[in-house]
Amino acid sequence: MGKRIINYVRSENGEAPIPHLTELTVDSFEKNYRCVLPEAMIGSEFLAHYQSHEDPMTKIQPDANYRILGPTEHPVYENHRVLQFIEHLKATSGKNEEAWIAAGECMFASHDSYRDNCLLSVPEVDFIVDAVRARGPQKGLYGAKITGGGSGGTVAVFGAKEALAREVPAIAREYKRLTGLEADIFEGTSPGAIEFGSFRYAFGPMGWVRSI
């Protein structure tokens, strides 16, 4: 819905529509579009003014109240944070701890936006992220964020190898005392699609179908 409003403004200014919010820079978003995005809007009001949100997978309910500004802001800033994170990692050679801290701050900011703008986090996940934040660089932990799913998924923790081995199990014990749940801890990375391959999906009359 936010993208539809932005593209409406762009059309009035004679500009081409953007296919993805991540194509907007933070400066452009702040200067040109933040002021036109409502915090929220009733579905019927949106439909009367913009006709459609151009998403084939979802339907706008006329009587529902939709948050617009926060969820629209998130991908714009998230793309910027990812690019910053990459640059900070490139600067971490020679044990540049300031670059590690800056990269970790991108992760914390990402999670904060996921929680506050998208309203997709849960208290259990926030507890883990906050536990990493509280320990901080003095304990060898630099950042944490949710990854891999709305209202759940996995918390990715960024830190020194020896600190992760020491502090993450301690956080997991605190998590169990708080929630009564046993946390699964994963280390390393997966070879992913290189080893397991990938599938191609197409959207048709019956919905998403995996190609043969």
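Of Gln138, Ala163, Ala91, whose Cα points farthest to the positive end of the dipole of the range 91-179 (charges on the beta-carbon: +1 Lys, Arg; -1 Asp, Glu; origin at the Cα centre)?
So the residue we want is Ala163.
Over 21 Å, how big is the tail of the calculated P(r) for the range 91-179, in percent of all Cα pairs?
Across the range 91-179, Cα pairs with separations above 21 Å total 28 percent.
Return the equivalent ellipsoid semi-axes of the range 2-69 as a descending list in whole Å, where each equals the square root of 5 times an eigenvalue of the C-alpha gyration tensor.
Each semi-axis is √(5λ); the values are 21, 13, 11 Å.
Need one number: nm distance between label points at Arg34 and Asp55, each 7 Å from Cα along Cα→Cβ, rounded to one decimal.
2.3
Straight-line reach from Lys95: which lysines have Cα under 16 Å away, leaving out those fewer than 8 places along the same chain?
Qualifying lysines at Cα under 16 Å: Lys139, Lys161.
Using θ = phi - 60° and the Karplus relation 6.51 cos²θ - 1.76 cosθ + 1.60, list the HN-Hα couplings for the range 105-118 in order, rounded to whole Hz, with x at every Gly or Pro.
So the J values, rounded to whole Hz, are 5, 4, 5, 4, 5, 4, 5, 4, 5, 4, 6, 8, 7, 9.
Take every Cα-Cα pair in the chain and report what % of them are more than 31 Å apart.
In whole percent, the share of Cα-Cα pairs in the chain beyond 31 Å is 36.
Report the extension gain between Glu45 and Arg166 in nm, rounded to one decimal, defined as 0.36 nm multiplied by the number of residues separating them, less their alpha carbon distance.
Here the answer is 38.2 nm.
No value in this document is a laboratory result; all are computed from the given coordinates. What you see is a predicted model, and the numbers here were worked out from it, not measured in a lab. Neighbour counts are summed over all protein chains in view; Cβ atoms, including those assigned to glycine, are modelled from backbone coordinates with ideal geometry.
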